[in-house]
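Structure record follows, encoded as structure tokens.
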């Protein structure tokens with residue numbers, strides 16, 4: 001075995017690093033410094049397996065031959081598993097106004113059982129959107145944002161403001177940045193830095209104005225599916241690169257025009273469940289590619305406006321209501337993300353006034 005002790009290597013022109021072949025191991029008690037830079041500085045004409053540190057995401061990433069993906073996906077656990085949170089809700093009875101609630105529930109995604117009380121929002125809210133890091137979950141509604149600490153229980157705290165989104169924006173995030181997209185009736189996408197507090201900033205625009213869309217994410221890509229345009233429901237799926245800013249790009253289409261779905265993901269696959277018209281259908285996409293959604297299976301009952309939370313292995317959908325009867329549901333379903341098939345019973349929410357909840361977890365695909 002050969003041994004090489006040096007402080008620095010460059011190529012013959014001193015404008016880059018040389019290519020070293022035949023080395024099988026590095027031995028050191030110090031560290032190995034990988035090339036680093038922002039997402040915008042990713043090199044071109046790279047070979048599969050090349051590794052660099054992305055200073056935007058704070059993660060090592062490698063080139064698959066088609067796209068850059070993270071080397072590791074964190075699986076932060078709590079109480080024996082990842083925690084999912086459902087916040088707020090709405091009971092349309094008695095009409096015409098109905099009642100809005102501030103309740104926050106939580107579950108341990110790896111287990112089965114009924115949801116437990118976490119605390120309360122700063123005010124009764126529904127038709128909100130959620131996003132989260134491993135540490136903090138944020139709830140965006142209208143023009144305000146509030147947050148909770150995932151590892152504890154307690155009431156939400158004011159985070160800051162965002163641009164006008166109206167009702168039913170969608171939310172998604174990676175480990176550092178959260179995004180809120182669309183609303184009644186906007187095409188705006190905002191972003192926040194989850195670890196800090198303050199006002200949201202402009203990210204870009206969706207491909208069309210819509211509300212009641214659903215969203216999920218990997219560590220690099222956010223996907224926004226379906227919703228309601230000013231004229232009708234839509235099957236359009238958009239995507240953005242979370243660490244950059246800019247307008248959304250067409251991803252593909254959902255299996256049918258639909259709105260008010262529950263959604264969540266692991267780092268590979270995104271799921272969209274239920275929706276308008278009394279649907280029990282679950283669709284899935286592969287986040288790193290583009291293309292139309294495919295059939296996954298069915299929820300235990302048809303419903304819309306449910307919340308979706310996930311770990312790396314399991315997707316859970318809680319609450320919602322049956323349209324057009326407006327029958328509220330406190331049912332929680334789950335599926336195994338890597339497979340396809342119908343949902344199974346997980347447990348129940350602690351309250352039935354949970355149509356239009358904001359939902360998020362500390363184990364979703366963006367972390």
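Candidates 263, 254: the one that is closer than 23 Å to residue 184 by Cα, touching a residue at least 12 places away in the same chain (Cβ under 8 Å) and over 14 Å from the mean Cα position of the chain (by Cα) is 254. Give the residues of the stretch 165-182 that are at positive phi and within 17 Å of the chain's Cα centre (by Cα), sorted by residue number. Result: 168, 182.
Of the residues screened, residue 114 is not one that is part of a strand (DSSP E or B) and more than 20 Å from the chain's Cα centre (by Cα).
Figure legend. Inter-residue proximity from the stretch 99-119: first residues touching a residue at least 40 places away in the same chain (Cβ under 8 Å), second residues in a strand (DSSP E or B) and surrounded by fewer than 17 Cβ atoms within 10 Å (Cβ to Cβ), beta-carbon distance below 6 Å, spacing 6+ or different chains. Indicated pairs: 106/116. Within the stretch 317-367, being at pLDDT below 90, part of a loop (DSSP other than H, G, I, E, B) and out of contact with any strand residue (DSSP E or B) (no Cβ under 7 Å at 6 or more places or on another chain) holds for 324, 325, 326. Would you be able to say whether some residue in the stretch 215-229 is free of Cβ contacts under 8 Å to residues at least 60 places away in the same chain, over 18 Å from the mean Cα position of the chain (by Cα) and assigned to a loop (DSSP other than H, G, I, E, B)? Yes; the residues of the stretch 215-229 include at least one that is free of Cβ contacts under 8 Å to residues at least 60 places away in the same chain, over 18 Å from the mean Cα position of the chain (by Cα) and assigned to a loop (DSSP other than H, G, I, E, B). Listed conditions (1) assigned to a strand (DSSP E or B); (2) on the phi > 0 side of the Ramachandran plot are all met by residue 246, apart from (1). Restricting attention to the stretch 157-164, does a residue exist that is surrounded by fewer than 24 Cβ atoms within 10 Å (Cβ to Cβ), assigned by TED's automatic domain parsing to the domain that holds residue 312 and out of contact with any strand residue (DSSP E or B) (no Cβ under 8 Å at 6 or more places or on another chain)? No, the stretch 157-164 contains no residue that is surrounded by fewer than 24 Cβ atoms within 10 Å (Cβ to Cβ), assigned by TED's automatic domain parsing to the domain that holds residue 312 and out of contact with any strand residue (DSSP E or B) (no Cβ under 8 Å at 6 or more places or on another chain).
Among the residues here, residue 198 does not qualify as surrounded by fewer than 24 Cβ atoms within 10 Å (Cβ to Cβ), assigned to a loop (DSSP other than H, G, I, E, B) and at pLDDT 95 or above.
Answer yes or no as to whether residue 286 is in the same structural domain as residue 182 (by TED's automatic domain parsing), within 14 Å of the chain's Cα centre (by Cα) and surrounded by fewer than 24 Cβ atoms within 10 Å (Cβ to Cβ). In short, yes. Filtering 179, 131 for residues that are in the same structural domain as residue 265 (by TED's automatic domain parsing), part of a strand (DSSP E or B), touching a residue at least 12 places away in the same chain (Cβ under 8 Å) and under 24 Å from residue 91 (Cα atoms) leaves a single hit, 131. Do you know which of the residues in the stretch 63-106 that are at pLDDT 85 or above and closer than 27 Å to residue 220 by Cβ is surrounded by the most Cβ atoms within 10 Å (Cβ to Cβ)? Ranking the qualifying residues of the stretch 63-106, first place goes to 84. From the list 308, 347, the one residue that fits, being closer than 24 Å to residue 145 by Cα and in the same structural domain as residue 153 (by TED's automatic domain parsing), is 308.
Go through the stretch 35-55 and give me each residue that's part of a loop (DSSP other than H, G, I, E, B) and at pLDDT below 85. If the condition is that a residue be part of a loop (DSSP other than H, G, I, E, B) and at pLDDT below 85, then 38, 55 are the ones that fit.
The values are calculated or read from the model by the stated rules, or taken from the named source; none is laboratory data. Fair warning: this is a prediction, and the values are worked out from it, not measured in the lab. For neighbour counting, all protein chains shown are included, and Cβ atoms are generated from backbone atoms with ideal geometry for every residue, glycine included.
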